[in-house]
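First up is the structure itself, then whatever we jot down about it.
The values are calculated or read from the model by the stated rules, or taken from the named source; none is laboratory data. Because the structure is predicted, anything quoted here is derived from the model rather than measured. No Cβ is skipped: glycine too gets one built from the backbone with ideal geometry, and neighbour counts run over all protein chains shown. Only protein heavy atoms, including side chains, enter the accessible area calculation; ligands, DNA and RNA are left aside. Shrake-Rupley method; radii C 1.70, N 1.55, O 1.52, S 1.80 Å.
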Amino acid sequence: MSVQAFRLVCASGKDHLPAGIQIECLECSGHDLYIGSSDGCIHHLLLVEENGTESAGLPLGQQSDYPNTSFTTSRQNQRQLGVKKPICDLRASSALGRLLVLCDNTIFLLCSDSLEPVPGTKIRGVLSFTLNENPVSGDPFSVEVCLISSKKRTVQIFSVGQERVQIVREVATPEQPCSLAADGYYLCLALSSRYVILNYNTGHCQDLFPYPSEQKRPIIKRISREEFLLAGPGGLGMFATVAGISQRAPVRWSENVIGAAVSFPYVLALDEEFITVHSMLDQQQKQSLPFKEGVILQDFEGRVIVATTNGVYVLIPLPLEKQIQDLLSNQRVEEALVLTKGARRNIPKEKFQVMHRRILQQAGFIQFAQLQFLEAKELFRTSHLDIRELISLYPLLLPSSSGFIRAHPPLHEYADLNQLTRGDQEKVSKCKRFLMSYLSEIRSTEVANGYQQDVDTALLKLYAEADHESLLDLLVSDNSCEVGDSAAWLEKHKKYFALGLLYRYNKQDAAALQIWVRIVNGDLEDNTRTDLFEYVVDFLTFSKDQQLVWQYVDWVLQKSEQVGVQIFTKRSLDEQLQNGFCPDTIVSHLCKYRRALLLYLEHLVMDKMIQKEKYHTHLAVLYLEEILRLNSMDSSDHTELEELRRRFQSLLRQSDLYRVLFLLDKIKDTDMHMERAILHGKLEEHDQALDILVHHLKDFSAAESYCMWNSEGKEAPYRKKLFQLLLSSYLSPSTPANTLTVAAVDLLNNHPTEFDAATVLHVLPQEWSVQLLCPFLAGAMREHVHSLRMSQIAVGLARTENIIYKREKVSEKLSMKEKPVILSEKKLCHMCRKPFQEPVFARQPNGHIVHAHCATNQHVNSSIDHVPSQSKRT
């Protein structure tokens, strides 16, 4: 479909012109219309434009499209130049009040009102002329006229004032030109078969392109600064700059073009049957108006006039905004955007910005309706669309509290998404996926500024409906979701875990926990998180709400004591004390949860290293009771029992705070011999402890380990004492046994350095061979030699250190000595100025040499600071 860019209106028909007139040329300046006839007469008419509110004679649907513009024409004056030859060209200068007329190869200068000739201003020998619309002289009281001489191959530049005509320059041309246009120093000339650009200041001539010699008339038209429109070969309208290049693609018009005009952004061409309208922006033909017998098409100060030999018509442009809206109505988005961009130069900046934004938004909705989502998104972003305009197409996505009202006039014709997609669910799904993606992109940008609640609420609803994984990310990040609407929507789509997150983000922790507890209990079905119970425990662990924590502690512990106790164990001790979760309170509360209590006491004793007897004793008693309980069960887990005893023994070894006698009394009638041995060791009853390990348990490695860990951090004699006790236990005559003999030999041979060799040799049985004790004897000897040598090394190092110290002291004294003082008979005392008679002197701190008695007297008088011990005598 073509664009209705112009409407043809008759300005002056046969009734307004003299009978028999034949129009040859036109000039229009403001309301003044000048017509040059074929009989050498100039007619001056007043062309008055009248605007109405509606366009009569047009179809009903188009009556408001065009202004109801009409013209009234009245005759003002006419002038016969005195020659019966056609008027070839007319040019008016409103600033000078002058009219330039070309007739019979002569330019006449007339008064534009009276049409009286200005004496002495004729220019003869003119083939064609034009006014330089970008003159270089800068004289406001003259116009620059460029003309083609009919007598020689030159172009002449004249300066024309109100009363004078003066030639400025003459420049030669390669051939005789037949038509020209001017811009600054540049002339665009049509030669016999080609176009050229001539710089009349430098004389440089630049070839452009040829045109058919059989063409009726070459067309050259200046359309902007340093740019011309030319009728080229093959029916093309070519654009050329003064540099000889084209910055626009050509327009295709008829090969029989009679005239051309420019009304930005359009180029109009006249041929024998039509007026065609072409866009300068995309070079496409937009409109075609039937017009026969046309002879002239020209633009005058933005007004386009076309004429036959006996009638004048005006092409009234449809406002660009209306043209753009027509293109959008026909979903010709690209053309509308191109035309909008081109309209920038014709519309005031502020008005254009408002119009441009609205057009981009309308175009975006058209692309959106066609499911061209990438294009639509870019248009929405560029136009800073109020995102609520888009969200409002989706039913129920805007929060109920939103007071949004769509733009008026509307940006689109759709009530909602269902109307836009005509109920096609696949299209609806695509549109929802697009909005989901677009909202997630813009929610943290300026596009959503001021509408964060609307954007986040809509995004939450889309995520919930689509079961999208980003729903949880939205709710745990900074968001502005409207709580009431969002909660109802999440509940509707059974997103209960997400509902809890919504409450949690909005500081409604009690409501969040209530939802999550119902999910864990099975009252609500939501499989979002399989570890929801652990999540609730973590939530309670890091909650600052003491009342809320205690409210759910029992529920958690009843589900799992091992997991539930983490509510207390994962809290820092400082935080517990500050928030009222003191250990005593927690221990008291956990008394009915034995496993949780055991784990919590382990946390206090083992992890936090709290040095309180009651916790250590309580933990030990719990271990003991649990061990005894498992022992009493026929089907107890042996692995669990062993692990529990291991932890119990570790506590007994490492801690020194529990009540030893109390525990010893509790286990005295049990088979927990290892634990009893450890407890005896804590009481320094090592002989009893070793007796249990050796004679009851017969665990020799445990006995050796006992000696090791009991002597950790203590002096070597203490350790040797323990090992000596163990050896004595092995060698006790009351229990002769081969196994104990082997254990004694292994003990000696494996730990030779832990014994005093002389003492051991006295207690060993006489029948033991040297070969049996060879490793022990070798190790003991090696240890003895090693100790001896280490002692010798220590003595040697001490001596060396002493020598070094003495040498440092000597060096210190030597370094205090000064240069020698030489006395002679010529040397005088600094005080009495007499020579020295004896080799006895005193040296002052300032280095002066004086007699000893002078120095003494001076010291008595406190006039010098002399230290006798520092005097030097020779």
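Any chance the range 433-445 includes a residue that's among the aliphatic types (A, V, I, L, M), over 26 Å from residue 418 (Cβ atoms) and either open to solvent by 30 Å² or more (accessible area, probe 1.4 Å) or in a helix (DSSP H, G or I) (or both)?
First, pick out the residues of the range 433-445 that are among the aliphatic types (A, V, I, L, M): 435-436, 439, 442.
From what's left, over 26 Å from residue 418 (Cβ atoms): none.
Within the range 433-445, not a single residue is among the aliphatic types (A, V, I, L, M), over 26 Å from residue 418 (Cβ atoms) and either open to solvent by 30 Å² or more (accessible area, probe 1.4 Å) or in a helix (DSSP H, G or I) (or both).
Any idea which of 324, 305 is within 38 Å of the chain's Cα centre (by Cα) and not in a loop (DSSP other than H, G, I, E, B)? Working first, answer last.
Values: 305 fails: within 38 Å of the chain's Cα centre (by Cα).
Among 324, 305, only 324 is within 38 Å of the chain's Cα centre (by Cα) and not in a loop (DSSP other than H, G, I, E, B).
If the requirement is being crowded, with 16+ Cβ neighbours inside 10 Å and modelled with pLDDT of 90 or more, which of these qualifies: 314, 257? Spell out the reasoning first.
On the way: 257 fails: modelled with pLDDT of 90 or more.
It is 314.
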### Message
With open to solvent by 30 Å² or more (accessible area, probe 1.4 Å), hydroxyl-bearing (Ser, Thr, Tyr), farther than 30 Å from residue 684 by Cβ and over 60 Å from the mean Cα position of the chain (by Cα) as the only criterion, which of 791, 728, 787 stands out?
### Response
791
## Note on the structure
The number of residues in the range 331-351 that are closer than 30 Å to residue 29 by Cβ, open to solvent by less than 70 Å² (accessible area, probe 1.4 Å) and either at pLDDT 85 or above or touching a Gly at 6+ places or on another chain (Cβ under 8 Å) (or both) is 0
### Task
Select from the range 688-725 the residues that are outside any loop (DSSP other than H, G, I, E, B) and polar (S, T, N, Q) and write down the one among them that is surrounded by the fewest Cβ atoms within 10 Å (Cβ to Cβ).
701
### Task
Working only within the range 471-528, note down all residues that are under 18 Å from residue 436 (Cα atoms), out of contact with any helix residue (DSSP H, G or I) (no Cβ under 7 Å at 6 or more places or on another chain) and open to solvent by 50 Å² or more (accessible area, probe 1.4 Å).
473, 478
### Message
Restricting to the range 66-90, count the residues that are open to solvent by less than 50 Å² (accessible area, probe 1.4 Å), farther than 21 Å from residue 19 by Cβ, over 60 Å from the mean Cα position of the chain (by Cα) and not hydrophobic (A, V, I, L, M, F, W, C).
### Response
1
### Residues located in the range 858-874, provided they are modelled with pLDDT of 70 or more and touching a Ser or Thr at 6+ places or on another chain (Cβ under 9 Å)
none
### Message
So residue 412 passes all but one of these: (1) part of a loop (DSSP other than H, G, I, E, B); (2) in contact (Cβ under 8 Å) with a residue 40 or more places away in the chain; (3) open to solvent by 40 Å² or more (accessible area, probe 1.4 Å); (4) not basic (Lys, Arg). Which condition number does it fail?
### Response
(3)
### Query
How many residues are under 22 Å from residue 320 (Cα atoms) and either among the basic types (Lys, Arg) or modelled with pLDDT under 90 (or both) when one looks only at the range 356-387?
3
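Touching a Gly at 6+ places or on another chain (Cβ under 9 Å), buried (at least 21 other Cβ atoms within 10 Å of the Cβ) and either farther than 20 Å from residue 88 by Cα or not basic (Lys, Arg) (or both), is that true of residue 165? Give the steps one after another, and end with the answer.
Values: touching a Gly at 6+ places or on another chain (Cβ under 9 Å): yes; buried (at least 21 other Cβ atoms within 10 Å of the Cβ): no; either farther than 20 Å from residue 88 by Cα or not basic (Lys, Arg) (or both): yes.
No.
State which residue is surrounded by the most Cβ atoms within 10 Å (Cβ to Cβ) when the search covers only the range 168-190 and only residues that are of a type in the set (Asp, Glu) and part of a strand (DSSP E or B). Steps first, answer last, please.
Narrowing the range 168-190 to residues of a type in the set (Asp, Glu): 170, 175, 183.
Subsequent filtering for residues that are part of a strand (DSSP E or B) retains 170, 183.
Details: 170: 13, 183: 23.
Checking each candidate, the answer is 183.
Considering the range 499-529 alone, what residues qualify as being assigned to a loop (DSSP other than H, G, I, E, B) and either under 20 Å from residue 471 (Cβ atoms) or within 32 Å of the chain's Cα centre (by Cα) (or both)?
Quick first cut of the range 499-529, residues assigned to a loop (DSSP other than H, G, I, E, B) only: 506-508, 522-529.
Matches in the range 499-529: 506, 507, 508, 524, 525, 526, 527, 528, 529.
Okay, residues lined up against (1) touching a strand residue (DSSP E or B) at 6+ places or on another chain (Cβ under 6 Å); (2) buried (at least 18 other Cβ atoms within 10 Å of the Cβ); (3) under 19 Å from residue 28 (Cβ atoms):
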residue: 274; (1), (2), (3): yes, no, no
residue: 288; (1), (2), (3): yes, no, no
residue: 299; (1), (2), (3): yes, yes, yes
residue: 329; (1), (2), (3): no, no, no
### Query
For the range 30-50, what are the residues that are under 28 Å from residue 287 (Cα atoms) and modelled with pLDDT of 90 or more?
33, 35
#### Entry: Inter-residue pairs, beta-carbon under 7 Å, first touching a residue at least 60 places away in the same chain (Cβ under 8 Å) and in the range 609-633, second open to solvent by 80 Å² or more (accessible area, probe 1.4 Å) and part of a helix (DSSP H, G or I), 6+ apart
none
### Task
Take the residues in the range 139-152 that are part of a loop (DSSP other than H, G, I, E, B) and touching a strand residue (DSSP E or B) at 6+ places or on another chain (Cβ under 6 Å), then tell me which one is surrounded by the fewest Cβ atoms within 10 Å (Cβ to Cβ).
150
## Note on the structure
In the set 374, 396, the lone residue that is out of contact with any Leu (no Cβ under 8 Å at 6 or more places or on another chain), open to solvent by 40 Å² or more (accessible area, probe 1.4 Å), aliphatic (A, V, I, L, M) and not in a helix (DSSP H, G or I) is 396
